[in-house]
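Single-structure report; data block below.
What follows draws every value from the coordinates through simple rules; no lab data is involved. What you see is a predicted model; the values in this text were computed from it and never measured. When we count neighbours, we look across all protein chains shown, and the Cβ atoms used for this are built from the backbone with ideal geometry, even at glycine.
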Amino acid sequence: MSNQSGSEQDKKNCTKTALNYAKSDERYWQTRIMFWNKSDKLYSVRMQHGKRTEIFKLHTANKKEASKKARDIFLSLKANDWDATLEDFKPKVAEKTHSPTTGDVIRVYLELTEASKKTAENYVRVFRSVVADITGISGDKSRFDYVNGGNEKWKSKVDSVLLSEITQTKVQKWKVSYVKERSDDPVKESSAMESANSYIRYCRSIFKPDILPHMQKELTLPEDLPFSAVTLYSRQNTKYASTFDIMEVMQKAKEELPNIEQDQQWLIFVLAVSSGMRRNEIDKLTWRQINFNKNQIDLGTTKYFKPKSENSGTDVDIDPELSTLLRGYHAKYKHAGEFVIQSDIKPLLKAKVSQYRANRHHQALITWLRKQGVDARKPIHTLRKEAGSEVCKRYGLHAASTFLRHADIQVTSAHYVENKETIRSGFGAILAGNVEDIEQGRKAQ
């Protein structure tokens, strides 16, 4: 007598019955369909073709009808392979097959781009943020948790978004919404327009013309790329305008900053305002980069620092007085290590975010500068802008562009340099009744 249960015997009988029919016969599939989700009582079927397996929902509780659908899917796979079958019987999966995800785009971009690691990661960071905003993916504080996995969870959500979901219309709506949220303050609104423009440019850089042909070989990209045709806001007035007297601040710094923390804040200050160096350049500067005899600082690539661009890595001419000052500090502090600015923190060569070795000294100087009326968002960088403006006033725009080591003179003109020259019509003399003064001025010309 058989020890098999009734259900096991029934299953064997059904399998034996199925073997009597070809797969092209709907009766074969009666033993292959199943309730994949028992709660909805609708049949599904598992299909294997080649090296791929998919579960198809048959959307019916009728066994005969479900068997017919399963047979039709099988016949489609035999005749048309996966793409056409998915289009007909599983359109959402077909969409995923054809439309890459945000994560796919990021992965391929990072494999193909020749941009520096820092630049590429900055583009990717902005791209993810814009996609998250458009799709409403939460961006709470856990998004910035790099230790306990919060950031990875957030990135995983964003990276699963289909590129086809990020349409040009949605990008346009995001752009308008981003600015409107800040429109209650004209200054913030203007800044938001510039930020929106920058974010769109960064996202476009993911699909740059030199990368796009290679990317298209890896991914099926939409004909209309999401950021390509979105118009930018008209350029806002971003020229630097000084809000304090730099000479007064320098005099105050000379009186108050030396002898504090081994003069470290004073050193950061004088390097920023006298040489126009950026904060990260100062932070990673080594004594070896300073040529005291030539009065120059070499800002080329070191094992701790890579210039922002080719132009950023040029020699910086400094005043002999600054060179003398630095020479004195070198004699005093060279035993403390190879860096000009002292810190016990070693530079992280592969940091995902900007890292400053001597951040404690930077922050102390920022606090001091704010007390002196330097209330810009980046007070130390403002010292660089003051230096650039002074060079422009004395020697002109081209000299300022060279001094600031910009790749393009348009950057200098649009963003950094303030024209401090006072230009007036001269007709004010008429208001005071001094017509003779105007006539004498004209004759002098």
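Annotations for the structure displayed:
- Extension gain, L397 to Y21: 0.36 nm times the residue separation minus the Cα-Cα distance gives 126.8 nm.
- Sequence ranges 271-278, 106-113, ranked by mean other-Cβ count within 10 angstrom, highest first: 271-278, 106-113
- Comparing region 242-300 with the 2.2 N^0.38 Å rule of thumb, its C-alpha radius of gyration ratio is 1.23 (two decimals).
- Packing rank of 400-409, 175-184, where each peptide gets the mean count of other beta carbons within 10 Å, highest leading: 400-409, 175-184
- Over all pairs of different C-alpha atoms in region 194-335, the reciprocal of the mean inverse distance, the Kirkwood hydrodynamic radius, equals 19.2 Å.
- I260-S191 FRET efficiency (beta carbon distance; Förster radius 25 Å; 0.05 resolution): 0.15
- Ranked packing of 46-53, 190-197, most packed first, by mean Cβ within 10 Å: 190-197, 46-53
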